[in-house]
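Read through the structure below, which is laid out as structure tokens, and then see the notes.
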Amino acid sequence: ISYEGKTTTQAITVKPNPILKIEIKQAPTKVNYVEGQDFDPKGMIVEATYENGMVKKVEDYIIRGGEDLQKDQTTVTIVYEELTTTQAITVVAKTVTSIKVKKMPTKTEYLQNKEELDLTGGIIEIIYNDNTKEDMSMELKDITVSGFNNTKVGKNTILVKLLEEHFSH
């Protein structure tokens, strides 16, 4: 302390201000996931409360259990300076939501009563509930095709179906 050229000292004690708790003040934008996805903390607000009552937004926290989420997982853990809290999430199985014909088979014209259906070159696109897509040949065992009738002249509408086992990927 200085005043008009005179200086003195005063001893003080600085005590640590430990964190009492951390908590999630605002949930992340995304809380619903498909197995295999990673947790996205976007929009989440984490706060630390200190012994002196100060509350501070925390950004350099660690996320545990947030990668490659597993079906039926219900939380991820948020860690900051040895304290933890959890964020509730929902993780469901990866399943097929729809399929569509991506490429017609090479052969689309047949002789009546003579030629059988040939699916060579045909491709379907499988769309999953995590918005991923997969191409599959129409010739594979997971695909069934019905509606082909070579006894009638004219157009046939065939039904392409993905077998039930593929729906719970």
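Partner aspartates and glutamates whose Cα lies under 20 Å from the Cα of Lys25, excluding those fewer than 8 positions away in the same chain, are identified as Asp40, Glu47, Glu51, Glu59, Asp60, Glu81, Glu82. Taken one residue at a time, the phi angles of the range 8-22 give Karplus couplings (6.51, -1.76, 1.60, θ = phi - 60°) of 9, 10, 10, 6, 10, 10, 9, 9, x, 10, x, 7, 8, 7, 10 Hz. Gly and Pro are set to x.
For the range 86-157, the set of trypsin sites (Lys or Arg not before Pro) satisfying both a DSSP loop assignment and a count of at most 10 other C-beta atoms within 10 Å is given as Lys114, Lys141, Lys152, Lys155. Take the chain with all the other protein chains still there, run a 1.4 Å probe, and you get 70 Å² of accessible area per residue. For the cross-link pairs Lys21/Lys42; Lys30/Lys56; Lys57/Lys94, the ones whose C-alpha atoms lie over 31 Å apart are Lys57/Lys94. Report the normalised scattering of the chain as log10 I(q)/I(0) at q = 0.11, 0.16 Å⁻¹, calculated by the Debye formula with identical scatterers on the alpha carbons. Reported log10 I(q)/I(0), two decimals: -0.70, -0.96. Counting only GluC sites (Glu not before Pro) that DSSP places in a loop and that have at most 15 other Cβ atoms within 10 Å, the longest clean stretch of the chain runs over 5-50. Residues considered: Leu83, Leu159, Leu119. Largest GNM mean-square fluctuation over the chain, using C-alpha springs under 10 Å, is found at Leu159. Within the range 1-65, the trypsin sites (Lys or Arg not before Pro) that combine a DSSP coil assignment with at most 10 other C-beta atoms in a 10 angstrom radius are Lys42.
Note on the range 72-157: dipole from Cβ charges, positive end direction compared against Asn156, Thr85, Tyr128; the farthest Cα belongs to Asn156. Scaled against the 2.2 N^0.38 Å expected of a compact globular protein of N residues, the Cα radius of gyration of the range 87-169 reads 1.38.
Counting only DSSP beta bridges with both residues in the chain, the antiparallel share comes to about 90 percent. Apolar share of the accessible surface for the chain: 50 percent from carbon plus sulfur atoms, 1.4 Å probe. A simple rule links phi to the HN-Hα coupling: the Karplus curve 6.51 cos²θ - 1.76 cosθ + 1.60 with θ = phi - 60°, which for the range 78-83 gives 9, 10, 8, 6, 6, 9 Hz, with x for Gly and Pro.
Counting only lysines at least 8 places from Lys114 when in the same chain, those with an alpha carbon closer than 16 Å to its own are Lys152, Lys155.
The values are calculated or read from the model by the stated rules, or taken from the named source; none is laboratory data. Just so it is clear, the structure is predicted and the values come from calculations on it, not from any experiment. When we count neighbours, we look across all protein chains shown, and the Cβ atoms used for this are built from the backbone with ideal geometry, even at glycine. Please note that ligands, DNA and RNA were not included when accessible areas were found on the heavy atoms of the full protein model with its side chains. Shrake-Rupley method; radii C 1.70, N 1.55, O 1.52, S 1.80 Å.
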